[in-house]
1. In segment 433-444, is there at least one residue being surrounded by 17 or more Cβ atoms within 10 Å (Cβ to Cβ) and at positive phi?
2. Would you check if Val118 is in contact (Cβ under 8 Å) with a residue 12 or more places away in the chain and either part of a loop (DSSP other than H, G, I, E, B) or surrounded by fewer than 22 Cβ atoms within 10 Å (Cβ to Cβ) (or both)?
3. Just to be sure I understand, how many residues within segment 476-504 are within 23 Å of Ser106 (Cβ to Cβ), outside any helix (DSSP H, G or I) and without any contact (Cβ under 8 Å) to a residue 40 or more places away in the chain?
4. Determine whether Met320 is more than 14 Å from the chain's Cα centre (by Cα), over 30 Å from Gly361 (Cβ atoms), part of a helix (DSSP H, G or I) and of a type in the set (A, V, I, L, M, F, W, C).
5. Tell me whether segment 304-312 contains one or more residues that are closer than 14 Å to Cys238 by Cα and hydrophobic (A, V, I, L, M, F, W, C).
6. Scan segment 121-135 for residues that are crowded, with 24+ Cβ neighbours inside 10 Å and either outside the structural domain of Leu73 (by TED's automatic domain parsing) or over 15 Å from the mean Cα position of the chain (by Cα) (or both) and report the count.
7. Within segment 360-399, how many residues turn out to be in a loop (DSSP other than H, G, I, E, B) and not β-branched (Val, Ile, Thr)?
8. Report the residue count in segment 288-317 for those that are assigned to a loop (DSSP other than H, G, I, E, B) and over 20 Å from Ser511 (Cβ atoms).
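The values are calculated or read from the model by the stated rules, or taken from the named source; none is laboratory data. Just so we're clear, the structure is a prediction, and the values are computed from it rather than from any experiment. Every residue, glycine among them, receives a Cβ derived from its backbone with ideal geometry; neighbour counts consider all protein chains shown.
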Amino acid sequence: MSSHGHAPGASNPAPWVWVGRLITLLVTVGCAVAAQKAGWIFSPGMIAIVLATWIPHLPQAVRKPFLLAIPCLSFAYLLWLKGKVGMDTWVAFELLGYDMFPVYISRLTFIFGTVFHVALFLGLLFALHVESTTEQVAAVIYGGGTIGGAFAGDFITLFVFWELIAVASTFLIWARGTQRAYRAGQRYLLMQIASGLLLLAGVLILASGGHDLRIGQLPFEEWHTGAKFVFVGIGIKCAWPGVHFWLTDAYPEATPTGAVFLSAFTTKLAVLMLARCFVGNSNLIWIGALMAGFPIFYAVIENDLRRVLAYSLINQVGFMVVGVGVGTDLAVNGAAAHAFADVLFKGLLFMTMGAVLKQTGRINGSDLGGLFKSMPFTMVCCLVGAASISAFPLFSAFATKGLIMDAAINQHHTLVWYVLLFAAAGVFHHAGIKIPFFAFFAHDSGLRPEKPPLNMRIAMGLGAIGCLTVANPLVYGFFYESLLPFPKAMEGYHLYSAFHVVSQLQILFWSAAAFVGLMLTGRYPPELHSVNLDTDWLIRRPLRNAWRVLKDGLGAVASGFETAVLETLPRQSALFVERYGPERGLLREFGVMGSSILVVMVLLFLFLAFGQGVVPI
């Protein structure tokens, strides 16, 4: 039997495959030539983005090590670039009369760039079993775009990466292949594009006023209009209250591996941009406090465990936003350190829940339980992530949350400190206890899945080691001195003081006691097969209904116009000509066709008569 096509992996690929390979080669060569002319100074994220175009053209045996090599090569280049240009150096070139700064390395951008590379490597390792090249390319471009955005020196460069990661990350949601994922991805992309448009509008307003395009502190005290647009544009990507629903709506609908990447990049890049543009903005203190507090109430009643983690992600970003808002060196250190720690422990928790989802096909707490019998390693890693996010001594968040809370109380933000205290207790309740309890213990669901693939277990194990390293008494001093933006602010700071340890243990004890008490008395919110709508209700219901009404109204108007103009008017014109027109006139000869011409001529006359004053000549 003959065939005109070629099976996957055949020796003679289809012609379009060769076209794709040629385009990939041209793009790579073009970028290499441009880099050589620029003295090999370019954004580290470009390495990942360019190499991502090669992924579909590699055989499966080569593709896996190639994927893991991408973040390694990018980070090696970053270290080389750091040594070549040094810290606080702007790499510049001129474009269309504007000075562009594609790369800027500082201690603040370096700590974020470092953890983004770690997240990309762990995420690719966790997803190494995935065969979908679409998901692989999207993940690498997403990570590379985030790294590029972190080191962007000007707003135009930032905008390019800002929009690139919006599109690439959407494919990690759509790759799930369900109708819910497709719709959630649409809503997600809508909000991401809106964020980019607001950012661009603000940049254009700033540029028109003569403001430097370099990323730096914006004039928020005067509340410059351009700064307002940038402020809100970054806020959307940061998942501020009221515009946060894109995160809790879309992240739980992503693929089991895609959610790991999503948890690491978008919101952390937004926090970095807040720290670079609006550090010390007092508005951020209250925005962050609200972010830290309100998700707790949703997370407690949520059944989907990945959605619980999504609310917990907003809660943790709230701590970072408070740190940026307080604005002192200690507070900014805390925000950067907590972002570093959050990428590790939140990524680890999303890995464990992704492994559960992959092996069982379920993620609702009401459907799980008893998995410790068949997935013990995943359970241990989940407990490490839970202890880390809850800030147990010796675990990562213990070394980072305290910096932000101490900075807040040092600046006499007492009420905010109490809100953060409540948020710290709440996160242990819903993420530190609820996630592992309902997934691995609670009632026995009878599920006995196979253990996850080896690459998943290795990635989870490395993530757990990272969570145990940051707050290790032998290591955290080096972490503070080598990575934090303001190491001098850490002089005399004692992490394992009696006050820190005892106060944190008290928070954990009383939070655990509250959980146990609610469970024993039957007052804990029941496990329901339901979806809790957040502010996305405004999009899912009223706006959708409004669109239907508008669409039906426009349809009725269009139908009426078609009936009146294209049917009734020509018919009436024909009758008019038949009664009053000449015996052998043009319209008489052509009937309805001639009357249609008459209608067009009348409309043309009206356009010429009333449109001349509007159309420029």
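1. Yes, because at least one residue in segment 433-444 is surrounded by 17 or more Cβ atoms within 10 Å (Cβ to Cβ) and at positive phi.
2. yes
3. So the count comes out to 1.
4. Working: more than 14 Å from the chain's Cα centre (by Cα): yes; over 30 Å from Gly361 (Cβ atoms): yes; part of a helix (DSSP H, G or I): yes; of a type in the set (A, V, I, L, M, F, W, C): yes.
Judged against the criteria, Met320 is a match.
5. For segment 304-312, residues closer than 14 Å to Cys238 by Cα and hydrophobic (A, V, I, L, M, F, W, C): present.
6. Residues that pass the stated criteria total 4.
7. 13
8. Here the count works out to 1.
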